[in-house]
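Dumping the structure here so I can ask a few things about it.
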Amino acid sequence: MTILANSNQPKSNDNDLITAVIDGIAVRVPKGTLAIRAAEMLGIEIPRFCDHPALSPVAACRMCLVEIEGMPKPQPSCAITLTEGMQVKTQNSSQVASSAQEGVMEFLLLNHPLDCPTCDKGGECPLQNQAMSNGRADSRFEGTKRNFQKAININAQVLLDRERCVSCARCTRFADEIAGDPSLELLERGAKQQVGVADDQPFESYYSGNTVQICPVGALTSAAYRFRARPFDLVSSESVCEHCASGCSLRTDSRRGKVLRRLAGDDSEVNEEWNCDKGRFAFRHLMQDRITTPLVREHGELRPASWPEAIRYAAEGLRNQRAAVLAGGRLTLEDAYAYSRFARVALGTNNVDFRNRTASSEEQDFLTNHVAGTGLGVTYQDLEDAQVVVVIGFEPEEESPIIMLRLRKAVRNKTLKVIAIDSANSLGFKKLNADLRLTKPGNESAAISELIKDLQDQNSIILVGERLASSHGAFSATVAVAEKVGARIGWVPRRAGERAAVDAGLLPNLLPAGRKVFEPRDREVVASAWGVSVEHIPTKPGLTQLEIISSAVQGEIDAIVTAGVDINDVANHAAFAAALNKTFVVSLENRASSVIEFADVVLPVGAITERAGTFVDWEGRLRTFDAVMQESLALTDARVLHLIAIELGHTFKDDAKVTSLRSSYSSLGAVSKPGTMNLVAASTTKTGLVLAGWHHLLDNGSLQAGEPHLAATARAVVAKVSSETAQANGLISGNRVIVRSKLGAITLPLEISEVAPETIWLPLNSEGSSVAMQLQIDIGAEVSVSDGGAI
Amino acid sequence: MTTPLVPNLTLHWDDADSHTLTGYQRHGGYSALKKAFTAGADGVIQIVKDSGLRGRGGAGFPTGMKWGFVPQNDGKPHYLVVNADESEPGACKDIPLMIANPHSLVEGVIISSFAIRANHAFIYIRGETPHPIRRVRAAVAAAYQAGLLGKNIQGSGFDLDVVVHSGAGAYICGEETALLDSLEGRRGQPRLKPPFPAVAGLYASPTVINNAETIASVPAIINNGADWYKSYGTEKSPGIKLFAVSGHVKRPGIYEAPLGITMRELITYAGGMKSDLPLKFWIPGGSSVPMLTADHLDIPLTYEDMAAAGTMLGTGTPMVFDTSTSVVKAVIRWIEFYKHESCGKCTPCREGTYWMVDILKRMEKGKAQLSDMDLLVDISAQISGRSFCALGDAAATPFPAALKYFKEEFEEVIKMAGAQA
Ligand SMILES: Cc1cc2nc3c(=O)[nH]c(=O)nc-3n(C[C@H](O)[C@H](O)[C@H](O)COP(=O)(O)O)c2cc1C
Ligand code: SF4
Ligand code: SF4
Ligand code: SF4
Ligand code: FES
């Protein structure tokens, strides 16, 4: 039998295969394959605790002992690499192995509490299961079991019951090897050995929940799930994370229509088997503040309405109006596709934009020519295989945490160098050992042009983040450098739905699949996919989000359809509010939002657990999922739009079901080569102090609402400047600093750090630091600062 | 004919200044260094190989062969690490050696480092014993002063820096890979092998770890030649060794003798049994090796003969027990020691020692049953050969070994307690 290498096994060609024998079965595997892995491939299950395919072997638990011919003692199969001709006998064919395993199992249970009836792991516990299959029926131990004080917090979210721990060191190795947050350690020795953290230093990690998942016993539990359910009462569904563009595969466990926990799903091409704490723990938004019936505004107040009434009401308000669609970056591909079509055909407009954030026409040009409809581009595996990855305006750990893990994996293997062009240093950059080029916001383009000498003759990838939209000339410089050195570009937005929005054509100049509004041929292809005549696709240039808002304020737009937008996300939110105030607003939402107070009709749509769909991750990979709550009657956005369109007298070829929209989209094919972007030159360097920042992974984002334990693991909210900037502006480390724009101020503790010159760094949407709301400016804007006194 | 003692490392211990540079040099100290530089690195390795010197840390691995495993011209720094963590019950030879004759160790370190192309050496000394730490630190400082350490030692072009490291207070830190972790500032727990230290040891660089006595033996071998060394001992166990005799003898202490000397001879040198009570049992190495009885007093103390007798020479630090000793209590104390020192990494040793102590404590309190003896044998078998490192094996040794010769005594203790209850 020939077994191919999987991602955690050495790669090899045919010449590097060796033949070993396990329980009498010959197996051909790449050199370097561990005995336990080869046995797995043959379907031979060797019991184990410390072994984990993604972690380096420790051979500590001794559960996996096997007999190897020619070796006097039983050997840990999790640490033995097979050699040519090696004869391995597992518990299936060797008395030595099975008695060794029974002995170890007896030892493991010696000090293990009989907690199963109250332990969260009960029912899905490797110790429980293997005790049943490889253990003795009763215990020969008559003494007193080791005792610890009850659960301790290793951070606000993760608890540890030390007496349940089997010292497998999976959690500590995960912390060290995968997350790079090595503050979780084994302490003490002998039977007193225990996992722990330093007194004043909790396990601060965005990935801490993974330790709960890989703990082979119930020693690590999460505050959110502890004592909530029994695994056998849960229904598990494969799903996809809605929080960011990393595209993690998840497992969602629910009971009677309620999500109780989420775990990382297994996907070797994407998240391997990890996820971040936001994706794992932030799911109460799926159930909290839900809108359950349609609402219509009557005498200034919203009141419940029936679906037919609300649909009619919406249609009447939109009929023959100068309309626009603002559908934020959280939609599935199918829904985005439906909005794109609805705007063009039912509303007759190209006024459509998904970018409820800093945006620029240069970015739009870049997205049009280098992203829209390009399908799967740079992949996680490409990142792992590259020699150099440059990240620009993108902090991987904060803005797409799985990218950080993949990059770190390659950095640890010493095959990859990371270069970062950004405004401030960060834990993530440090963990990537990044060559950080501190750059004042606005000056990125010059720093990017310098990259040529780093990337010449290298297998290199440039990852650009959405923050780059605030830096004039940066996208152009990136494209120019990439073309010169043959680097590939990946665009990493923050939100899970942004890439799908680009692909679906939620931009004024774009139709789905990279087709362009102003290409007659493209319009024809799209019209035929939709089953409408080509005249139904408007040719009049559309407006961007900024233009839609200002036009509406000036009375040039009458009606706006919104989906998944929070007006507080943008610096011009005052104008946004005024625009919504002046227009007829149709809001498709699943929970109460900042738009509702302006809405004339609110149409409730299903949360992602209630319907099928597809997210497109940053790679351009389709992440298709089914409804978790199969019995839910909730409607998709697409379905609601379809009903309004019918009311407005429009029909399409399909019935707006998720599967039909998916095939309609895919019938359009992919763009084969990038278009030509209009490269713009950088503007002159700004003088004076400017604002920099990014979003912390855990912050005030509305999808993180109602998760107190998770919120307590967020990073400290501080402003950062370099010591030179502090000195020049009379700022004192440890004091507060007041940051002012023309419209407001933010006061935060000041930290002296590695920050670009003439720059102050703020978290963009954390407690006490909501830049859009309080300062009402974008990054790169000028600010003034002053000392805010001692804390 | 009695085997004569051969004082070599111990020859001048009676001098008041034996621990000083002057005292060491008065008797030709540091003269081996010149010879080593003349012989060249490979020459030194060859002499040590030819001498047949075996590691004195317990396992008896041929020292020259170990040095030969270090890859040459690999562009990486090499390190020599001296294991002077001596913490095993009964083992007490390295500490007196470092107190009385620290310069023999320093000279050995220079020659050995030169041979394996190391420019940095570390001496890891048991942290609970400040006296030898002070003595070795003083010796190292004196050697620097005298130009015997540092840059271009004696014009040879060879540079060496030596760090004396105070140990972390755990028996497991004497296990060579745990020692490396400890030296690197981590918690001392044994490492997974491969990679072996000779390839990736301290700071992932090629490293030789040798016992303090092993390294201190090198200068005399270089000075007097491999043949001189081999003229003592047996073919498989050549040379001389420090035997640290402790327990119920009149004059416990260090007796330097050729390998192959017998326990009976050593007891005689040590003045005979303490209270003239008969010998009950003895242990050739530290507590980690199986015990023997009066029937075994004439077996030569060599690696091979001890193995044939079902035990090991170990560190060559025999403990002698007379008939006043309860073998049951001795076994309990030893196993308690292993439980206390188990590092916790692997299940059999961590949990098995906990369990054995639980049963033995019951036995001591008169609450054991006869079946507990089988249980203890079972537990020992479940630990032995299945643990991560040799500490586990050592913990599994005392009970079965004691049972082999003193089963009745265990039965009696259990029964007597039962009768009292
Ligand atoms: C638990 C344990 C403790 C040990 N303690 C010591 C020690 O204190 N000193 C020592 O030289 N070797 C000790 N050893 C043996 C070392 O691992 C290693 O074999 C030795 O230092 C090699 O030196 P050598 O070749 O010169 O004997 C110990 C081994 C184990 C398993
Ligand atoms: S807490 Fe769990 S994962 Fe960590 S060492 Fe203990 S058993 Fe293993
Ligand atoms: S990394 Fe992104 S996609 Fe993955 S779990 Fe976290 S938020 Fe979700
Ligand atoms: S046998 Fe295991 S628990 Fe015992 S000291 Fe060695 S590694 Fe640690
Ligand atoms: S699984 Fe192999 S030793 Fe733990």
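Which shape class, rounded, prolate or oblate, goes with region A:143-286 when its Cα gyration tensor gives a ≥ b ≥ c as root eigenvalues, a/c under 1.5 marks rounded, and past that a/b bigger than b/c marks prolate? Intermediate results must be reported in sequence, preceding the final value.
On the way: a/c = 2.09, a/b = 1.49, b/c = 1.40.
The shape class here is prolate.
Which Cα, out of A:Leu543, A:Val628, B:Ala395, lies furthest along the positive dipole direction of the protein assembly as shown (beta carbon charges, K/R +1, D/E -1)?
B:Ala395
Calculate, axis by axis, the spread of Cα positions in region A:523-574 along the three principal axes, and write the results as whole Å, longest axis first.
Per principal axis, max minus min of the Cα coordinates gives 40, 24, 15 Å.
In peptide A:181-194, what is the residue-averaged number of other protein chain Cβ atoms found within 10 Å of each Cβ?
Working: counts 0, 0, 0, 0, 2, 5, 2, 3, 13, 15, 12, 5, 7, 1.
For peptide A:181-194, the averaged partner shielding equals 5.
On to the next question. If you take the alpha carbon radius of gyration of region A:690-787 and divide it by 2.2 N^0.38 Å, what ratio comes out, to two decimals?
Details: Rg = 13.2 Å, N = 98, 2.2 N^0.38 = 12.6 Å.
Cα Rg divided by the expected 2.2 N^0.38 Å: 1.05.
Just want to confirm a number: the relative contact order over chain A, from Cα pairs under 8 angstrom separated by 6+ residues, in percent. Don't jump to the answer; show the numbers that get you there.
Numbers: 1792 pairs, mean separation 99.1, N = 791.
Averaging sequence separation for qualifying contacts and normalising by length gives 13 percent for chain A.
A further question follows. Starting from the Cα of B:Ser156, move 7 Å in the Cα-to-Cβ direction to define the label point; list residues of region B:88-114 whose amide nitrogen is under 16 Å from there.
In region B:88-114, the label zone of B:Ser156 (backbone N under 16 Å from the point 7 Å along Cα→Cβ) covers B:103-114.
Now for a separate question. What does the net charge come to around A:Ala224 if you take all other residues with beta carbon closer than 9 Å to its beta carbon, with K and R at +1 and D and E at -1? Intermediate values should be presented prior to the final figure.
Details: positive: A:Arg226, A:Arg228, A:Arg261, A:Arg280, A:Arg284; negative: A:Glu707.
Value of the local net charge: +4.
Sort B:Asp227, A:Asp385, A:Asp176 so that the residue with the fewest other Cβ atoms within 10 Å of its own Cβ comes first and the one with the most comes last. Numbers along the way, then the final one.
On the way: B:Asp227 10, A:Asp385 13, A:Asp176 17.
In order of increasing Cβ crowding within 10 Å: B:Asp227, A:Asp385, A:Asp176.
Considering the dipole of the protein assembly as shown built from charges on the beta carbon (Lys and Arg +1, Asp and Glu -1) around the Cα centre, which of A:Val532, A:Pro113, A:Ser766 is farthest to its positive end?
Final value for the positive-end residue is A:Pro113.
Which of the GluC sites (Glu not before Pro) across region A:494-561 are loop residues per DSSP, with 14 or fewer other Cβ within 10 Å? Present the calculation step by step, with values, prior to reporting the outcome.
Values: sites: A:Glu498, A:Glu524, A:Glu535, A:Glu547, A:Glu556; in loops: A:Glu556.
For GluC sites (Glu not before Pro) across region A:494-561 that sit outside H, G, I, E and B with at most 14 neighbouring Cβ atoms in 10 Å, the list reads A:Glu556.
Put a dot 7 Å past each Cα toward the Cβ at B:Arg26 and B:Trp13; how far apart are the dots in nm?
The two pseudo-label positions are separated by 1.8 nm.
Can I ask one more? If a/c stays under 1.5 just call it rounded; otherwise compare a/b with b/c (prolate if a/b is bigger, oblate if not). Do that for the protein assembly as shown, with a ≥ b ≥ c from the square roots of the Cα gyration tensor eigenvalues.
Numbers: a/c = 2.71, a/b = 2.04, b/c = 1.33.
Verdict is prolate for the protein assembly as shown.
Just check region B:18-159 against the gyration tensor rule for me: Cα atoms, a ≥ b ≥ c as the square roots of the eigenvalues, rounded for a/c under 1.5, and otherwise prolate or oblate depending on whether a/b exceeds b/c.
Judged from the Cα gyration tensor, region B:18-159 comes out oblate (a/c at least 1.5, b/c at or above a/b).
Using the count of nearby Cβ atoms within 10 Å as a rough guide to exposure, how do B:Lys361, A:Lys150, B:Lys339 rank from fewest to most?
A:Lys150, B:Lys361, B:Lys339
Please tell me the relative contact order of region A:14-110 in percent, rounded to the nearest whole number, where contacts are Cα pairs under 8 Å and at least six residues apart. Show your work: numbers first, answer last.
Details: 175 pairs, mean separation 29.8, N = 97.
The normalised contact order for region A:14-110 reaches 31 percent.
Test of understanding: what is the full-extension gain from A:Lys742 to A:Ile452, defined as 0.36 nm times their sequence separation minus their Cα-Cα distance?
Values: separation 290, 0.36 × 290 = 104.40 nm, distance 3.87 nm.
Answer, rounded to one decimal: 100.5 nm.
Given A:Gly373, A:Ala410, A:Asn356, which one lies farthest toward the positive end of the charge dipole of region A:332-448, if we put +1 on the Cβ of every Lys and Arg and -1 on the Cβ of every Asp and Glu?
The one lying farthest along the dipole's positive direction is A:Ala410.
Computed FRET efficiency, Cβ-Cβ of B:Glu412 and A:Asp115, R0 51 Å: what is it to the nearest 0.05? Before the final figure, lay out the partial values.
Details: r = 41 Å, r/R0 = 0.80.
Between B:Glu412 and A:Asp115 the formula returns 0.80.
Let me ask another. Grab the DSSP H runs of chain A that are 4 residues or longer, score each as -39,500 (n - 2.57), total them, divide by all residues and round the 222 nm result to the nearest 500 deg cm²/dmol. The partial results should precede the final answer.
On the way: 24 runs with 190 residues, N = 791.
Using -39500 (n - 2.57) per qualifying helix, the result is -6500 deg cm²/dmol.
State log₁₀ I(q)/I(0) for region A:668-746 at q = 0.15, 0.22, 0.23, 0.26 Å⁻¹ as given by the Debye formula over alpha-carbon point scatterers of equal weight, solvent excluded.
One equal scatterer on each Cα of region A:668-746 leads to -0.86, -1.13, -1.18, -1.32.
For the pair B:Lys34 and A:Glu188, what calculated FRET efficiency results from E = 1/(1 + (r/R0)^6), where r is the Cβ-Cβ distance and R0 = 60 Å, to the nearest 0.05?
Numbers: r = 49 Å, r/R0 = 0.82.
That pair, A:Glu188 with B:Lys34, gives E of 0.75.
Would you mind getting me the FRET efficiency between A:Ala790 and A:Ala716? Use the beta-carbon distance for r and R0 = 25 Å, nearest 0.05.
On the way: r = 17 Å, r/R0 = 0.69.
Calculated transfer efficiency: 0.90.
Let me ask something else. Using a simple charge model, +1 on the beta-carbon of Lys and Arg, -1 on the beta-carbon of Asp and Glu, nothing else, what dipole does region A:380-485 show about its Cα centre, in debye to the nearest 20?
On the way: 13 positive and 15 negative charges, 76 e Å.
Dipole about the Cα centre, nearest 20: 360 debye.
Label point 7 Å out from A:Ser361 along Cα-to-Cβ: which residues of region A:543-572 have amide N under 16 Å?
A:543-551
Give a quick list of chymotrypsin sites (Phe, Trp or Tyr not before Pro) in region B:128-195 that DSSP marks as loop, anything other than H, G, I, E or B, with at most 12 other Cβ atoms within 10 Å. Could you put the intermediate results ahead of the total?
On the way: sites: B:Tyr144, B:Phe158, B:Tyr171; in loops: B:Phe158.
Filter output for region B:128-195: empty list.
For each of A:Asp382, A:Asp617, A:Asp51, count neighbouring Cβ atoms within 10 Å of the residue's Cβ, then give the residues from fewest to most. Intermediate results must be reported in sequence, preceding the final value.
On the way: A:Asp382 16, A:Asp617 28, A:Asp51 25.
Result, fewest neighbours first: A:Asp382, A:Asp51, A:Asp617.
While we're on this one: So what is the relative contact order of region A:690-787, in percent, for Cα pairs below 8 Å that sit 6 or more residues apart? Before the final figure, lay out the partial values.
On the way: 204 pairs, mean separation 38.7, N = 98.
After rounding, I find 39 percent.
Quickly work out the B:Asn73-to-B:Asp227 label distance, labels modelled 7 Å from Cα along the C-beta direction, and quote it in nm with one decimal.
The modelled label-to-label distance comes out at 3.3 nm.
Also, I was wondering about something else. In degrees between 0 and 90, to the nearest 10, how far off the longest principal axis of chain B does helix B:130-145 point, with axes built from Cα atoms?
With both axes taken from Cα atoms, the answer is about 10 degrees.
A follow-up question, please. Along the Cα→Cβ direction, 7 angstrom out, place labels at B:Asp50 and A:Asn92. What is the inter-label distance in nm?
Taking the simple label geometry, B:Asp50 and A:Asn92 are separated by 5.6 nm.
Would you mind checking B:Lys35/B:Lys66; A:Lys409/B:Lys345; A:Lys31/A:Lys414; A:Lys73/B:Lys76 for any pair whose Cα atoms are more than 28 angstrom apart? Write down the numbers at each step before the final one.
Values: B:Lys35/B:Lys66 21 Å; A:Lys409/B:Lys345 26 Å; A:Lys31/A:Lys414 21 Å; A:Lys73/B:Lys76 34 Å.
Table pairs above 28 Å Cα-Cα are A:Lys73/B:Lys76.
While we're here: Between the DSSP loop rule and a limit of at most 11 other Cβ atoms within 10 Å, which trypsin sites (Lys or Arg not before Pro) in region B:120-152 are left?
On the way: sites: B:Arg126, B:Arg134, B:Arg135, B:Arg137, B:Lys151; in loops: B:Arg126, B:Lys151.
Of the trypsin sites (Lys or Arg not before Pro), the ones in loops of region B:120-152 whose Cβ has at most 11 other Cβ atoms within 10 Å are B:Lys151.
Every read-out reported here was derived from the displayed coordinates using simple, explicitly stated rules and does not represent laboratory data. The structure displayed is predicted, hence computed values, not measured ones. A quick note on method: Cβ atoms are made from the backbone with ideal geometry, for glycine too, and the neighbour counts reach across all protein chains shown.
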